[in-house]
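Have a look at the structure below before the remarks.
The values are calculated or read from the model by the stated rules, or taken from the named source; none is laboratory data. Just so we're clear, the structure is a prediction, and the values are computed from it rather than from any experiment. Backbone-built Cβ (ideal geometry, glycine too); neighbour counts: all protein chains shown. Quick note on the areas: whole protein, heavy atoms, side chains included, nothing else; ligands and nucleic acids left out. Shrake-Rupley method; radii C 1.70, N 1.55, O 1.52, S 1.80 Å.
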Amino acid sequence: YRYNTTFHYFCKMAFFHCWIVAMATLLSPLAALRGRSVENMKLLRAAILPLKRYCGIKMQVWGTEHLDLEEPYVIVCNHQASLDLLGMVEVIPERCVPIAKKELLYMGTVGWACWLSGIIFIDRHRREAAIDVISQTARTMWRENLRVWVFPEGTRNQNKSMLPFKRGAFHLAVQAQVPIVPIVISPYWDFFSSKEKRFTSGTCTIRILPKVETQGLSPEDVPELSGAVRGAMADALAEMSLNPPGDRGRGSPQCQQD
């Protein structure tokens, strides 16, 4: 475990996934007492938060004030690996649910726990069904004061640049006329690589960018909106890639967890 990098990687990944399955199995009966509710996200978050310590990952968070919004909004975040889950639970606001691929629903107790927590499932292979889910979610956001978390790249990406964004999150924000809050998680290159089978200890920085308003925008404005948000996130990611964790962002971090 100490001297074989590949063995170390598989041990830590096995622990990571076993923790999630175990917590989902233990918490699902408690969540079931309340039924399907966004409030159950608090249980999942509390169960996953300690995992970063056992994985040897420190979190730095910049710009938490940008999440202090009373109205609903859509969060868009870059997607690198399963470790993004640790960053998500670090900053996820109250009454916020992710949009996840429908396949997750069929992953045993994990899928059940996600469903009970109000996570929105989308079928990426059926465009009409996906559009219908977006429309329903847009109507629900104001009625239930929901925030929605989306990974607009659509798949994991550990390259130095972000993939082109899928536009579902932006259509959702425009239909609901709610702001978009971009979040950028720094690259894991220093301590994690699924290609190189490497998983050591390290520091992860999360930068929350200022909100982008969508009031008055129409579906015709979505391409330009998507491009502008991606550009701002790509610039932040490039800056975070060049600077060491302690120097990322401006000023002092609003939140730092060991």
Number of positions in segment 35-54 that are over 18 Å from the mean Cα position of the chain (by Cα), in a helix (DSSP H, G or I) and touching a residue at least 40 places away in the same chain (Cβ under 8 Å): 1
Scope segment 187-242; condition in contact with a Lys or Arg (Cβ under 7 Å, 6 or more places away or on another chain), assigned to a strand (DSSP E or B) and of a type in the set (Ser, Thr, Tyr); matching residues: Thr203, Thr205
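Every residue, every condition in (1) over 16 Å from the mean Cα position of the chain (by Cα); (2) among the charged types (D, E, K, R); (3) modelled with pLDDT of 90 or more, yes or no:
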residue: Lys160; (1), (2), (3): yes, yes, no
residue: Phe165; (1), (2), (3): no, no, yes
residue: Phe170; (1), (2), (3): no, no, yes
residue: Ala173; (1), (2), (3): yes, no, yes
residue: Gln177; (1), (2), (3): yes, no, yes
residue: Ile183; (1), (2), (3): no, no, yes
residue: Tyr188; (1), (2), (3): no, no, yes
residue: Lys197; (1), (2), (3): yes, yes, yes
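Residues checked against (1) open to solvent by 20 Å² or more (accessible area, probe 1.4 Å); (2) more than 18 Å from Asn145 (Cβ to Cβ); (3) modelled with pLDDT under 90; (4) touching a Ser or Thr at 6+ places or on another chain (Cβ under 6 Å):
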{"position": "Ser37", "(1), (2), (3), (4)": "yes, no, no, no"}
{"position": "Leu43", "(1), (2), (3), (4)": "yes, yes, no, no"}
{"position": "Pro93", "(1), (2), (3), (4)": "yes, no, no, no"}
{"position": "Ile119", "(1), (2), (3), (4)": "no, no, no, no"}
Residue list for segment 163-186, filter: open to solvent by less than 10 Å² (accessible area, probe 1.4 Å) and assigned to a loop (DSSP other than H, G, I, E, B): Val178, Pro179, Ser186
Residue count for segment 55-67, restricted to those that are assigned to a helix (DSSP H, G or I) and open to solvent by 30 Å² or more (accessible area, probe 1.4 Å): 3
Qualifying residue in segment 131-143 (condition: loosely packed, with under 14 Cβ neighbours inside 10 Å, in contact (Cβ under 8 Å) with a residue 24 or more places away in the chain and on the phi > 0 side of the Ramachandran plot): no
Single residue of segment 187-210 satisfying the filter (touching a Gly at 6+ places or on another chain (Cβ under 8 Å) and of a type in the set (Phe, Trp, Tyr)) that is surrounded by the fewest Cβ atoms within 10 Å (Cβ to Cβ): Phe191
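Would you check which residues across segment 68-96 are of a type outside the set (A, V, I, L, M, F, W, C) and part of a loop (DSSP other than H, G, I, E, B) and list them?
So the first thing to find is which residues in segment 68-96 are of a type outside the set (A, V, I, L, M, F, W, C), and the list is 68, 70-73, 78-80, 82, 84, 87, 90, 93-95.
Within segment 68-96, Asp68, Glu70, Glu71, Pro72, Tyr73, Asn78, His79, Gln80, Ser82, Pro93, Glu94, Arg95 meet the criteria.
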Per-region count, segment 144-160, residues assigned to a helix (DSSP H, G or I) and open to solvent by less than 70 Å² (accessible area, probe 1.4 Å): 0
Failed item, numbered, when Met233 is tested on (1) touching a Cys at 6+ places or on another chain (Cβ under 9 Å); (2) modelled with pLDDT under 90: (2)
Single residue of segment 95-104 satisfying the filter (under 17 Å from Trp149 (Cα atoms) and either open to solvent by 20 Å² or more (accessible area, probe 1.4 Å) or not hydrophobic (A, V, I, L, M, F, W, C) (or both)) that is nearest to the chain's Cα centre (by Cα): Pro98
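Please state which one of Thr25, Thr6 is touching a residue at least 12 places away in the same chain (Cβ under 8 Å), assigned to a helix (DSSP H, G or I), within 22 Å of Lys197 (Cβ to Cβ) and open to solvent by 40 Å² or more (accessible area, probe 1.4 Å). Let's see the steps before the verdict.
Working: Thr25 fails: within 22 Å of Lys197 (Cβ to Cβ).
The unique qualifying residue is Thr6.
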Given (1) touching a residue at least 40 places away in the same chain (Cβ under 8 Å); (2) under 26 Å from Thr200 (Cβ atoms); (3) assigned to a helix (DSSP H, G or I), number of the condition Ala113 does not satisfy: (2)
Flag for Ser82 being more than 27 Å from Asn157 (Cβ to Cβ), among the polar types (S, T, N, Q) and in contact (Cβ under 8 Å) with a residue 40 or more places away in the chain: no
